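Report on the following structure.
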There are 2 protein chains.
Amino acid sequence: MSAKQVVAAYWAAVGARDWETLGSLVAEDVRYEVPQTRERVRGRLAYVRFNADGFPGDWHVEVERITGGGRDAASVIRFSVAGETQPGVCFFDLGADGLITRITDFWPDPYEPPANRVGLTERY
Amino acid sequence: MSAKQVVAAYWAAVGARDWETLGSLVAEDVRYEVPQTRERVRGRLAYVRFNADGFPGDWHVEVERITGGGRDAASVIRFSVAGETQPGVCFFDLGADGLITRITDFWPDPYEPPANRVGLTERY
């Protein structure tokens, strides 16, 4: 499987809360990091538990795009819970065996554009 | 050039404030969007002007990673200005001629992790 296909399978497993399949896609020593909060999770069991328990509510995920090469990929998802939707951006690194070894997760929140940009952009 | 190489050339041009080269890498009808602010810039001239005038200060960019396939790619950069550094994440789509047709830009700010995650993650 290409990195893109592995990431598509990853999101399908997350969306289905299929933690067994999720665990089978990540390396035993997988490392997950959120640069914005400086949170880190290390190891397959801890990572599956983080996914199962770390996101309360009846959320669902929709994959917007996946781009990738041979051993790494990046995805944009829409994460929805309680009527709110926000984008999530993940980068994935894979080992030679095709398992995901590293996940870097970003959650970009809305913000007001800087005042100096008025006239340089339009809004949609 | 692969999408990865085009994106590497893109960041080299931005970092050098080489607006002529930047313009040569994007399509005439390039579209730039920031989902967090819902800002949009359309067209090569407007996009080069946005880059030249939209980011005040003596900033510099450092490319952390680029992942990509044939016609699209994603990058993580560190954007530094006035002693502060923040990550920037961009997705790029390329046309058949190798020019960048679409740029989707995210600026993920730091935030405090949700309380329910204590015990599921460590901090670094």
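The values are calculated or read from the model by the stated rules, or taken from the named source; none is laboratory data. None of the values given here were measured: they were computed from a predicted structure. Note that each Cβ is placed from the backbone with ideal geometry, even for glycine, and that neighbours are counted across all protein chains shown. The protein model used for the area step is the full one, side chains on, heavy atoms only, and it has no ligands, DNA or RNA in it. Shrake-Rupley method; radii C 1.70, N 1.55, O 1.52, S 1.80 Å.
Of the accessible area of chain B, with the probe set at 1.4 angstrom, what percent is carbon plus sulfur? So the carbon and sulfur contribution to the accessible surface is 51 percent. If R0 is taken as 45 Å, the Cβ-Cβ distance between residue B:53 and residue B:124 corresponds to a FRET efficiency of 0.80. Which net charge results when you count Lys and Arg as +1 and Asp and Glu as -1 among the other residues whose beta-carbon is under 9 Å from that of residue B:123? For residues surrounding residue B:123, the net value is 0. Pairing the Cα long axis of helix B:44-53 with the longest principal axis of chain B, what angle in degrees results, from 0 to 90 and rounded to the nearest 10? Compared with the principal axis, the helix lies near 50 degrees. A prolate overall shape is assigned to the protein assembly as shown, the ratio a/c of its alpha-carbon gyration tensor axes (a ≥ b ≥ c) being 1.5 or greater and a/b exceeding b/c.
Calculated mean residue ellipticity at 222 nm for the protein assembly as shown: -7000 deg cm²/dmol, from DSSP H runs with n ≥ 4 weighted as -39500 (n - 2.57), summed, divided by the residue count and rounded to 500. Under 1.5 on a/c is rounded, so check that first for the range A:1-117, then, if it is not, pick prolate when a/b is larger than b/c and oblate when it is not; a ≥ b ≥ c are the square roots of the alpha carbon gyration tensor eigenvalues. It comes out prolate by the Cα gyration axes.
Peptide A:30-41 is shielded by partner chain Cβ atoms: per residue, an average of 5 of them sit within 10 Å of its Cβ. Against chain B, whose longest principal axis is taken from its Cα atoms, helix B:3-15 shows a tilt of about 90°. Under the classification rounded if a/c is under 1.5, otherwise prolate if a/b is larger than b/c and oblate if not, where does the range A:49-124 fall, given a ≥ b ≥ c as square roots of the Cα gyration tensor eigenvalues? Oblate, because a/c is 1.5 or more while a/b does not exceed b/c. Using a 7 Å projection from Cα along Cα-to-Cβ, the label point at residue B:19 is separated from the same position in the remaining copies by 5.4 nm, smallest value first.
For the peptides B:113-121, A:61-69, residues were scored by their other Cβ atoms within 10 Å and the scores averaged per peptide; the highest-first order is A:61-69, B:113-121. In this assembly, the A-B interface accounts for approximately 4400 Å² of buried accessible surface in total, computed with a 1.4 Å probe and without ligands, DNA or RNA. Per-residue mean of foreign Cβ neighbours for B:113-124 is 6 (Cβ atoms of other chains, 10 Å radius). Summing Lys, Arg as +1 and Asp, Glu as -1, what charge do residues with Cβ under 15 Å from the Cβ of residue B:15 carry, residue B:15 excluded? Spelling it out: positives minus negatives among the neighbours equals -3.
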